[in-house]
Amino acid sequence: MRSLNFIKTRFFSSPIDAFLTLSISYLIYLTIPPFINWVLIDATFYGETKKDCIDGGACWVFIKIWFTKLLYGLYPSEEIWRINFAFAILIISIVIYKYLNQKLKKYLFLFLVIPFPIFSLVLFSGGVFGLSPVDTREWGGLFLTLVISIFAIIFCFPIGILLAMGRRSNLPVIKYFSIGFIEFWRGVPLITVLFMAGVMFPLLLPSGTNLDKLVRVIIAITLFEAAYMAEVVRGGLQAVGRGQYDASKAIGMGYWKSHIFIILPQALKLVIPGIANTFIALFKDTPLVFVVGLLEILGMVNLAKTNPYWLGMATEGYVFVAFVYWIFCFAMSRYSLSIEKKLKITN
Amino acid sequence: MKFLIIIKRGKMKNIIKAICSFSILALVLTACGDSSKKASTLDATKKQGFVKCGVSQGVPGFSNADASGNWTGIDVDVCRAVAAAVLGDASKVKYTGLSAKERFTALQAGEIDILSRNTTWTLERDASIGLTFVGVNFYDGQGFMVRKTSGLKSVNEFKNGVKVCTNLGTTTELNMADFFKSKSVKYEPVVFEKADEVVQAYDAGRCDTYTTDKSALAAQSTKMKDPTEHVVLPETISKEPLGPVVRQGDSKWEDVVRWSLNVFIEAEEYGVNSGNIDSMKDSKNPAIQRIVGAEGTKNGEALGLDNQWSYRIIKQVGNYGESYKRNLADTNIMPERGPNQLWTKGGILYVPPVR
Amino acid sequence: MSFLQNKIEKFDQYLSDHPKVKFFLPQALLVVFLFIIIGYLSFNASSNLAARGIDTGFSFLNKKASFDIQFSMIEFDSSMTYGRAYLVGLLNTILVSVIGIIFATIIGFFFGILRLSTNPLASGLATCYIETLRNISLLLQIFFWYFAVLRLLPSAENSLVLFNFVYANIKGIYIPRFVWTNLSFFIYGIIFTIFFIIIFNKYASILREKTGKHLPKFLISIGLLIIIPSFVVLTFGVSLEFSHPKLEVNMGISNYIGGVSIIPELIALAFALSLYTSTFIAENVRAGILGIDKGQKEAAASIGLTKTQILKLIVIPQALRIIIPPTTNQYLNLTKNSSLAAAIAYPDIVLVFAGTALMQTGRAIEIVTITMLTYLTLSILISIFMNWYNKKVALTEK
């Protein structure tokens, strides 16, 4: 009886509620079973070619066959260990990070932010220490997605902080430069910025110098996201109480010391969700590099689906990539939520 | 306010002076830096040890990479010929796959030194975007492909409302506008940047016809579900001379590429190929002697190369006829040579004499 | 760490000892830096362009474009100029943005409110919708709708027919076109009606404030909206006919001619843009409604306001104030994201101008600059409009 009552109050408390309940149940009935059928029950998992797939279900053979390409792009298969090696270090560091004490944490963090990216770049591109060189044109897949987003995140963070401080500065040149810079990048779509990096920027360099396309793209994305980051950080700086500024001044702290040790740590804590959202946005923006011809994971799917032996596999490819994006973005947003909660408790 | 007060104190002047002089210095430095390192592409290529060649992102028969990244095709062979002539090794080429959009910028900016990517020679391109066409390696024309089920036999049978798929920003887009205008047919262009998307859109039925250069129609149809379901209409609506392109203003490099292409074609005219070139060394025909780089011929010097340059091209890459057979005929993409037959055999392939 | 701290301290000390250095040095450095960068780039550009004989300047805008565009709201053909082509692209960008903004707002409000529902099924559906779509790259969603869903539509001969007048096939969706006679009378009639309703509403408010008498404003307004236009239609002979799209078969090629055709590229783009943006708007709406103090509603109820009055007078105006600023940002994002049209063949400004025109003329610097400035202007216009609107609904403290 009680459960019946519960159902009545939760699902049928008013005519509108009842209507909602019924129509949503119908919607679920209409969509979920066919979807599950397609994804799992009628799907084909084993086989080597398109012919092995049964009509009516998803053909996951497509993903299986193209899996290495989707992960690593056209990176030479005998060199893939380099990518695995670097990402293994990254993952291990992140895992052990949790169990370290404060001081070691700091060192590990510094290692991850400065020497590690340089080391992995050298490792990926080769050309030294007997490693055969791998042209950035051959980079691709999820690997390229991660390279672009990780580097852009590392670079856009400090630039964003400086711009945010610049915008609040009372030095007119710096202030107006920061405003102009931020508003410019926020006002234009990323795709045109990438056009600029891909098609226009080479004309602005001295003839003969040739900046790698991937480098140009990372610079473009970094500047673009730095403007968004700046606005997020500015929100944090504004939210830090006036008293904090006055107090740090009163104990004789200068501009930089007070900002680095007092103001910024608080401001950044306040805007963790915003920062996480910017990172997520950056990650979701990476497929746009198709405009300059780089093939990250979505680009690789587009390449694979136009392969004459695998025509008609667009849906499987997109569902797979959607799943990958969703996992990464959802994980990032949940992680930021958990940090936020932790900070709320400790404060 | 603070700003103004300090200016009044007269210190501002010094600072402005400092800024100005510093920036002028910087500008002068960058200017010098730029003009001093303007080396010719030929020297740069010799120094770096490979030819930087821009090709398509995959047109079978013209430039196409296999799974392990080896490029083949008739456009690729032009770059290989240049590498053989300049560096002595046809494999010393670094290929860059380019979209139609990037191709000219990449060449202008020096990302590549030769653009060999089925590019049509037009006045506008030659004169106003800083490029020089060195010759023609494929005579082509724009055609239309339709489904066999449509029953169309001629381009004159297109009616209002026809949907046409093609590539963005190519001469094709312009030709088709002219063509349909002259026939007063109202059509809808559906343009994609990537060739693969165009093929797929047509194949899926988004368009009634697919138009591009006839060679590309043949090459791209291999990417369709069932290539036998489609037919290319007989008419050709435009002239599309395709050829390699270099930057304007570097005549040395331009000459090297032009004559590598010319000797490549002339060798076929005199029956010199990769198989018989060594035996041809004793030929009495002076034209053949020049091609094989026999004693006393000095045409390499004028180009800034040694005298074996043409020998290496034929030895390593073959002549034009071999290249055509390997890439277009044997693969069944364009089995008939048509206009791309030598002028002596009823085609229009005619190159200036290598002497 | 303390070493670093010391250095920073010394640096700060130095700055506070030398206020002029503190004031001028960073600014001077920035000016010099900008000067060098800009000078360096523009010097390179001019020398590169000169050395390679590339034409520059904006004169190309007056040249004949000689290409056609699939879909345009103003007349365009290949004999018109690049300038006109730019305008066609711009209008198409605005069209898809406006459609996207309208639908994103409706869907966003719907799911935002649904997520707050006490019905777990409803709030669960909303949460699921929001969390799924906002975490997937927009470009992927556009590709999905375009390449995976719309490509499944049948060929023109076997079109899906909805309600007997909508025809959907792989080449697009075709609906009847309105054919009006004496349309101008009808438009004048509508304008007049709206004007009349505004005056009436003003009068009703004044009446209420003066005498406390309530007029059924809404009902009377609706009534006016029906009566006056129908009067106009009857007296001036305004009539509306539909021109239905007709299937024309030319040998084996069939196409719908006539009516209004909505190209699949527009549908896919508008669909993806509105669904993606709606998830962000839904979150704003939820935050806006949750942001209103419960006490406010209770207080309103205690002074005898009805439920609709509470919603209309207390909840919505205050929630809007929280919802509008972040939603403005979403509108801006949507407009900028419409540039992804270039990935499918929707002829927006990026595809037409930064695509075809750029490649035909080779003027990369000019065209990319114009395109960026166009978006910048659009962004600024939307910001100005929304700031104005925001001020209007903002709390005016007395």
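Only the coordinates and a few stated rules stand behind these numbers; no lab work does. Given the structure is predicted, the values throughout are model-derived calculations rather than measurements. Note that each Cβ is placed from the backbone with ideal geometry, even for glycine, and that neighbours are counted across all protein chains shown.
Looking only at other chains, what is the average number of their beta-carbon atoms within 10 angstrom of each beta-carbon in A:254-267? The partial results should precede the final answer.
Details: counts 10, 6, 6, 8, 2, 2, 4, 2, 0, 0, 0, 0, 0, 0.
Counting other chains' Cβ atoms within 10 Å and averaging over A:254-267 gives 3.
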Work out the mean other chain Cβ neighbour count within 10 Å for the residues of B:165-175 and drop it here as an integer. 4
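Using 1/(1 + (r/R0)^6) with R0 = 41 angstrom and r between the beta carbons of C:Phe110 and C:Leu207, what's the FRET efficiency to the nearest 0.05? Don't jump to the answer; show the numbers that get you there.
Working: r = 36 Å, r/R0 = 0.87.
After rounding, the FRET efficiency stands at 0.70.
Provide the net charge surrounding A:Ala43, with neighbours chosen by a C-beta distance below 14 Å and charges set as Lys +1, Arg +1, Asp -1, Glu -1. Mind dumping the intermediate values first?
Working: positive: A:Lys50, A:Lys64; negative: A:Asp42, A:Asp52, A:Asp55, A:Glu316.
Neighbourhood net charge equals -2.
Using the beta-carbon distance between C:Thr132 and C:Ile316 and R0 = 30 Å, what value does 1/(1 + (r/R0)^6) give for FRET efficiency, to the nearest 0.05? Please list the in-between numbers first.
Details: r = 28 Å, r/R0 = 0.94.
So the FRET efficiency works out to roughly 0.60.
Tally Lys/Arg at +1 and Asp/Glu at -1 over every other residue whose Cβ is under 13 Å from the Cβ of C:Ala342; what's the total? Walk me through the numbers on the way to the answer.
Working: positive: B:Lys101, B:Lys194, C:Lys336; negative: B:Glu193, B:Glu197, C:Glu265, C:Asp348.
Net local charge, C:Ala342 excluded: -1.
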Taking every DSSP beta bridge with both residues inside the protein assembly as shown, roughly what % is antiparallel (nearest 5)? 70
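Which order do B:His230, C:His214, C:His244 fall in if you start with the one that has the fewest other Cβ atoms within 10 Å?
Details: B:His230 20, C:His214 9, C:His244 15.
By the 10 Å Cβ count, ascending: C:His214, C:His244, B:His230.
Let me know the charge dipole size of the protein assembly as shown about its Cα centre in debye, to the nearest 20, where only the beta-carbon of Lys, Arg (+1) and Asp, Glu (-1) is charged. Mind showing how you got there, number by number?
Numbers: 106 positive and 77 negative charges, 1004 e Å.
With only Lys, Arg, Asp and Glu charged at Cβ, the dipole is about 4820 debye.
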For B:Phe144, what residues show an amide H to amide H distance below 5 Å, using hydrogens built from the backbone and excluding near sequence neighbours? B:Leu233
Which of C:Arg115, A:Arg216 has the fewest Cβ neighbours within 10 Å, and the rest in rising order: A:Arg216, C:Arg115
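Note down, for the stretch B:142-238, the three equivalent ellipsoid semi-axes (square root of 5 times each alpha carbon gyration tensor eigenvalue), biggest first, whole angstrom.
Working: eigenvalues 65, 46, 30 Å².
Working from the Cα gyration tensor, I get semi-axes of 18, 15, 12 Å.
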Contact order relative to length for chain C, counting C-alpha pairs under 8 Å separated by 6 or more residues, stands in percent at 21
Across 10 Å bins from the origin, how do the percents of Cα pairs in the stretch C:203-255 run, short distances first? 18, 21, 18, 16, 13, 7, 5, 1
Given the stretch B:243-309, what whole percent of its Cα pairs are spread farther than 17 Å? 45
Distance in Å, no decimals, from the C-alpha centre of the stretch C:296-340 to the one of the stretch C:57-102 is 37
What span do the alpha-carbon atoms of chain A cover on each of the three principal axes, reported in whole Å from largest to smallest? 73, 71, 43
What is the Cα centroid distance between the stretch A:301-347 and the stretch C:1-51, reported in whole angstrom? 40
Dipole-positive endmost among C:Leu225, A:Val193, C:Ile175 within the protein assembly as shown (Cβ charges, Cα centre): C:Leu225
Counting pairs of alpha carbon atoms under 8 Å apart in space and at least six apart in sequence, what relative contact order in percent does the stretch A:164-259 give? 31
Simple label model, 7 Å out from Cα along Cβ direction - C:Leu219 to A:Leu30, nm: 3.6
Label chain C by shape, choosing from rounded, prolate and oblate, from the square roots a ≥ b ≥ c of the eigenvalues of the Cα gyration tensor; if a/c is under 1.5 it is rounded, and otherwise prolate applies when a/b is larger than b/c, oblate when it is not. oblate
Set the Förster distance to 41 Å, then compute FRET efficiency between B:Thr222 and C:Ser59 from the Cβ-Cβ distance, nearest 0.05. 0.45
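List the residue ranges in chain A for DSSP H helices whose C-alpha atoms run 15 angstrom or more along the long axis and whose Kyte-Doolittle average is 1.0 or above.
On the way: long enough: A:15-36 (31 Å, 1.42); A:61-72 (18 Å, 1.31); A:80-97 (26 Å, 2.09); A:102-113 (17 Å, 0.71); A:115-125 (16 Å, 1.81); A:141-167 (37 Å, 2.24); A:172-187 (22 Å, 0.55); A:213-239 (39 Å, 1.08); A:272-285 (19 Å, 0.92); A:314-346 (48 Å, 0.68).
For chain A, where a helix must reach 15 Å along its axis and average at least 1.0, the hits are A:15-36, A:61-72, A:80-97, A:115-125, A:141-167, A:213-239.
Rounded to a whole number of µm²/s, how large is the Stokes-Einstein D of the protein assembly as shown at 20 °C and 1.002 mPa s, given Rh as the Kirkwood radius over C-alpha pairs?
Numbers: Rh = 33.4 Å.
The estimated diffusion coefficient comes to 64 µm²/s.
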Which of the three applies to the stretch A:194-250, rounded, prolate or oblate, going by the alpha-carbon gyration tensor with a ≥ b ≥ c and a/c under 1.5 meaning rounded? prolate
Could you work out the relative contact order of chain A, using alpha carbon pairs under 8 angstrom and six or more residues apart, expressed as a whole percent? 18
Between B:Thr149 and A:Ala281, what is the label-point separation in nm under the 7 Å Cα-to-beta-carbon projection? 4.7
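Determine the sum of side-chain charges near B:Arg247: Lys and Arg each +1, Asp and Glu each -1, restricted to other residues whose C-beta is under 10 angstrom from that of B:Arg247. Each step should come with its number before you reach the end.
Values: positive: C:Arg52; negative: B:Asp113, B:Asp250, B:Glu254.
For residues surrounding B:Arg247, the net value is -2.
What list do you get for C:Cys128, A:Cys156, B:Cys79 if you sort them by fewest beta carbons within 10 Å?
Numbers: C:Cys128 11, A:Cys156 25, B:Cys79 31.
Ranked by crowding around the Cβ, least crowded first: C:Cys128, A:Cys156, B:Cys79.
Shape call for chain B from the C-alpha gyration tensor, a ≥ b ≥ c root eigenvalues: rounded (a/c under 1.5), prolate (a/b greater than b/c) or oblate?
oblate
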